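To start, the structure itself, in structure tokens.
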Amino acid sequence: MSISTQVDDIVGSLLPSKPNKVSKSKYINDPVWGTIEIKNYELAIVDTPLFQRLRYIHQTGFTFFTFPTARHTRFEHSLGVMHIAGRMFHTLKAKHQHSYLDEKSYARIRLAALLHDIGHSAFSHTTEEFYSGLKDIKDLIKSDKKFEGRGAGEVLSYMIITSRSFRAFFEQLKTMYPAIKSVTLEDAAGLIIGKAKSEKSSFERDIVSGPIDADKLDYFPRDGKAAGIDISLDIHRLINCVEIQKTDFNDNSPSRNSLVINRRGYNALQQLLFARATLTASVYHHHKVRACDCMIKNLMSAYVENGKGFGESVAYPSGLSLDQTPNFMLLTDYDFRSELRNVAPGEVYHRLLHGLFNRKLFKRILKISYQTLVTEKDRDNEKREGEIQALLGEFYNLRNQPAIRSKIVEAIVAESGIASLTKYDMGIDLPHKPNFNKAGDAPINTSDTKTPQIVHLKNVIPIDDWIKGYQRFFGHVYVFGPQDRSHRIKLAIASAKVLTKKRNNIYKQFYLPLTYESIADDIREDVRKLEQKLGLKLFR
Amino acid sequence: MAANSYHPIGDELLVAVFNSFPKKKPLKFKDESYIMQAFYKASKKNKYSSLFRNYSFDRDGITPYSREIAEGINILHQTSMLGKMNPTFSFHFISSGVEIRFKRFIEPKLTVGQKKLLGELSKEIKSSLISK
């Protein structure tokens, strides 16, 4: 069955045969934005199981294990994005007299914003990172030009909205609500994957999926507030500073009507970037958050590699296969909690699920980065430093080679001699870079006159340099392992044996010159003692 | 002889291209987005399509953006294989790590044809960056 047929079947099962008839708009309270209006036709979409499932998907995955109040979900975030997208549109309408800023455009933008995360699955980006490596979605993205360069989650959202089942549902909605009579789903879904209907309406895409889009304007303050991180943001000012300007940054492309921030929004933008930096350093890349990510990915890999069905139930007697992307649409965070009842104690699935939901999380064994690997002595020797840089680069590039990474982990577990452990009980976490670059592309109108002067945000604020500094000093790769201290000590020795071997069997000519500095602080002394006891010299 | 099925992945394409750049002499360009632009321009040429198999560009935004190239630049930064000479923020230098990485890990995987193609790509990217 093709991926689009599978998506269509699942969407059909999550939509009512007839939409709810909602007489008027409703108002709800939002802790970030206050009162939010939801139009009657939007409510008819919100009232479907397809949308309601977002209530059970935490916005920031497992961060609540470290920031207990970060329990907000994709549901309220989606409503928030819709609200902000609508407000951005109103600002533009108040500033410009363009005929294309009409009711149809307003409805289309809000609809796309409401549904931009409809493809999300359990633990949001954690599962997205996993299924984006699956063959079905990778093949689809490669085969269809309109998906080039887009994330798997966005593609799934697009497929859901343009599925036959959703279109049939939406056609019924159109007959019930005249306000959306002339809105086409393809145009709305296109905004989510960065496609505007025309260069004239490019600003719509920028509002939904641009460098400074409604998504970012909602999740920065929402994530900060939920996690209890004190960040100062003036989103209201930023919204008031948006305008439409013609830009032609893209070589050989016609000029387009882009969403631009005027110079009065500069300080608010600076705050926004600082908020992003703060949230990345303290929340998104927190080592406990990374440990949870590693555990959940290991769990899913264990299901796929062992051909085990997930969530055996009356509806799915053999469980769902986690090697098919559309099945992720049927999962929420709660399904993983329930799965604990389906697995037998002693099995790796049980160990990981029990560990996750009872907060017996993986702990750090090694922390690897330029800072922990390159000593002052190395820096004095250009050739030596270059050698370490090359090896570290090869190691970081394992991010793109999961099969080799998996072999390394297997070798470490085998080397440790701990019979009770499997390769799923530990992991090498190679986080992606903080995604700032698109924000850096945001066009800023620095002119105070009627003649605009458009520059990219990164030319005004050195975002790239912040990322570079952050990654160099704080962007560690972690080798994680189980809580048992003696196991971690043995795994540290085993990791060093595998990684420091000059011609290891997995990866010719690859080795990492580990230092004592690269061992997790709490086990460093014990690892050193064990190394001496074994008569080895593995660390520098 | 390397197998034809190999295609550069992650930072490998950047390393292979920068390998033939001058090491000690700083390169002058304003910011990393010029690297992105240069690779994007080259990626549009059919002759390089096999080198760009594992790289995709989002062309819908204000400027072309490739997650893979961005991640590759990030690896070069994290390892200090590509650095900036402060405080001008416009001179970049390439460390000897690039050459070691290329020779030891990437070159053995390349075919003669791929090496030739990479040489041409490198020249093109160099002139594109330097002209900025």
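The values are calculated or read from the model by the stated rules, or taken from the named source; none is laboratory data. Remember, it's a predicted structure, so these values are computed and weren't measured experimentally. So basically every Cβ, Gly included, is an ideal-geometry build from the backbone, and we count neighbours across all protein chains shown. Each accessible area value is taken on the protein alone, full model and side chains, heavy atoms only, with ligands, DNA and RNA left out. Shrake-Rupley method; radii C 1.70, N 1.55, O 1.52, S 1.80 Å.
Just a few scattered comments:
- The alpha carbons of region A:184-267 give a radius of gyration and a Dmax of 14.7, 46 Å, in that order.
- Dipole of chain B [Lys/Arg +1, Asp/Glu -1 at C-beta], most positive-end residue of B:TYR34, B:SER96, B:TYR55: B:SER96
- Taken about its Cα centre, chain A carries a charge dipole of about 460 debye when Lys and Arg each add +1 at the Cβ and Asp and Glu each add -1 at the Cβ.
- Computed over the alpha carbons of region A:281-387, Rg followed by Dmax gives 19.5, 66 Å.
- Chain A: relative contact order as a whole-number percent, Cα under 8 Å and 6+ apart: 14
- Along its principal axes, region A:115-212 has C-alpha extents of 41, 30, 26 angstrom, given from the largest down.
- When the charge dipole of the protein assembly as shown is built from unit charges on Cβ atoms (+1 for Lys and Arg, -1 for Asp and Glu) and taken about the Cα centre, the candidate among A:PHE220, A:GLY535, A:ILE489 whose Cα reaches farthest toward its positive end is A:GLY535.
- Global size of region A:330-415 as Cα Rg and Dmax, reported in angstrom: 19.2, 57
- With protein chains left intact and a 1.4 Å probe, residues in region A:1-144 average 40 Å² of accessible area per residue.
- Ratio of Rg to Rh over region A:52-110 (Cα coordinates, Kirkwood Rh, two decimals): 1.21
- Chain-alone versus full-assembly comparison, region A:451-486, residues with accessible loss of at least 50 Å² (1.4 Å probe): A:ASP464, A:ASP465, A:LYS468
- Cα gyration tensor shape of region A:1-121, rounded if a/c is under 1.5, else prolate or oblate by comparing a/b with b/c: oblate
- For region A:377-518, alpha-carbon Rg relative to the globular expectation (2.2 N^0.38 Å, N residues): 1.44
- For region A:9-155: relative contact order, % (alpha-carbon pairs under 8 angstrom, 6 or more apart): 19
- Prolate/oblate/rounded label for chain B (Cα gyration tensor, a/c 1.5): oblate
- Interface burial for A against B (accessible surface, 1.4 Å probe, total of both chains, Å², rounded to 100): 4200
- Applying 1/(1 + (r/R0)^6) with r as the Cβ-Cβ distance of A:LYS181 and A:ASP248 and R0 = 30 angstrom yields a FRET efficiency of 0.30.
- Charge-dipole axis of region A:290-399 as Lys and Arg at +1 and Asp and Glu at -1 on Cβ define it, positive-most pick from A:GLY319, A:HIS354, A:TYR396: A:HIS354
- What the Cβ-Cβ distance of A:SER282 and A:ARG359 gives, at R0 = 25 Å and to the nearest 0.05, is a FRET efficiency of 0.85.
- Rounded if a/c under 1.5, otherwise prolate or oblate - the protein assembly as shown, Cα gyration tensor axes: oblate
- Length added when fully stretched, A:ASN435-A:ILE404, from 0.36 nm per residue minus Cα-Cα: 8.6 nm
- Region A:24-49 residues near the modelled A:SER338 label - backbone nitrogen below 19 Å, point 7 Å along Cα→Cβ: A:48-49
- Region A:51-208 - percent of accessible surface contributed by carbon and sulfur, probe 1.4 Å: 54
- For region A:429-540, the solvent-accessible area with a 1.4 angstrom probe is 46 square angstrom per residue.
- Between B:ILE130 and A:ASN29, the modelled labels are 6.6 nm apart [label points 7 Å from Cα along Cα→Cβ].
- Take every Cα pair under 8 Å whose residues are at least 6 apart in sequence, average their separation, divide by the length of region A:274-332, and the relative contact order is 18 percent.
- Members of A:LYS200/A:LYS450; A:LYS146/A:LYS174; A:LYS216/B:LYS103; A:LYS142/A:LYS297; A:LYS93/A:LYS458; A:LYS197/B:LYS115 lying beyond 30 Å, as alpha-carbon distances in this model show: A:LYS216/B:LYS103; A:LYS197/B:LYS115
- Approximate spin-label separation A:GLU148-A:TYR511, in nm, with each point projected 7 Å along Cα-to-Cβ: 4.4
- Accessible-area composition of region A:324-410, carbon plus sulfur, in percent [1.4 Å probe]: 44
- Restricting attention to the protein assembly as shown, close to 95% of DSSP beta bridges with both partner residues there are antiparallel.
- From helices alone, chain A scores -14500 deg cm²/dmol at 222 nm; the rule is -39500 (n - 2.57) for each run of n ≥ 4 DSSP H residues, then divide by the residue total.
- Inter-label distance for A:ASP448 and A:ALA168, nm, one decimal - labels placed 7 Å from Cα along Cα-to-Cβ: 6.1
- Annotation: for a label point projected 7 angstrom from Cα along Cα→Cβ of A:ALA94, residues of region A:202-240 with backbone N closer than 17 Å are A:234-240.
- Charges were assigned to the Cβ only: +1 to each Lys and Arg, -1 to each Asp and Glu. The resulting dipole of region A:1-50 about its Cα centre is roughly 280 debye.
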